[in-house]
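One structure is given here, and the rest of the page talks about it.
The values are calculated or read from the model by the stated rules, or taken from the named source; none is laboratory data. Keep in mind that what you see is a predicted model, and the values were worked out from it rather than measured. Please note that ligands, DNA and RNA were not included when accessible areas were found on the heavy atoms of the full protein model with its side chains. Shrake-Rupley method; radii C 1.70, N 1.55, O 1.52, S 1.80 Å.
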Amino acid sequence: MPDPVLPDLLAPGLRLVFCGSAPGAISAARQAYYAHPGNRFWRILFEAGLTPRQLRPAEYPELLRHGIGLTDMAKHAFGNDDQLPRGAYDPAGFAARIRAIRPAALAFTAKAPAAAFLGRPTGSLGYGRAEAPADFPPVWVMPSTSGQASRFWDARPWLALGAWFRGDSLSDSPEVRP
């Protein structure tokens, strides 16, 4: 099996793991998660209080210090979702990686990888908390931070996730529909 496009940033005991579809072309070229200048990922992590300052894409390994990990549903392909080869997503491999480290929660950074893992159509998913398999940590579905998904952008689920992460909210966040 070839090396992954970007290495997982995973370790036991993480509070939160983000899972995207696959690295985009710029992320693959720069060997850094969410590296496209138009991607909102690093900015919303800071705005939601998940990081104490806005990190740069090349600083992604620092997320471990904050209890946050990163992975993708497609580890051996890169590009936009519509450019990924058939079979690029590996839900079973993803599930094994998450079960091995047992984070407190998991957040998908778009509906496509969440739908692939949960076995549901993307249109049936809302943003916010989603029902997860019984042996899995709580799952959140976030609006994509990609600039290409701007028409779907909504910071509210990200802010709710940040409140949960910081312990500001003792109850689960309600689902936020698209």
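Tabulated values for the structure
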quantity	calculated
Potential lengthening between M1 and A134 on full extension [0.36 nm per residue; Cα-Cα distance subtracted]	44.9 nm
Calculated [θ] (222 nm, deg cm²/dmol) that DSSP helices of n ≥ 4 give over the chain, each run adding -39,500 (n - 2.57)	-6500 deg cm²/dmol
Descending principal axes extents, the range 1-106, alpha-carbon based, whole Å	38, 32, 20
Kirkwood-type radius of the chain, with distances r between different C-alpha atoms, in Å	16.1 Å
Potential lengthening between R43 and A95 on full extension [0.36 nm per residue; Cα-Cα distance subtracted]	16.0 nm
Global form of the range 27-81, assessed from the alpha-carbon gyration tensor, a/c cut-off 1.5	prolate
Percent carbon-and-sulfur accessible area, the chain, ignoring ligands, DNA and RNA, probe 1.4 Å	54 percent
Accessible area expressed per residue, the range 1-95, with surrounding protein chains retained (probe 1.4 Å, Å²)	48 Å²
DSSP-defined antiparallel bridges as percent of all bridges, the chain, nearest 5	30 percent
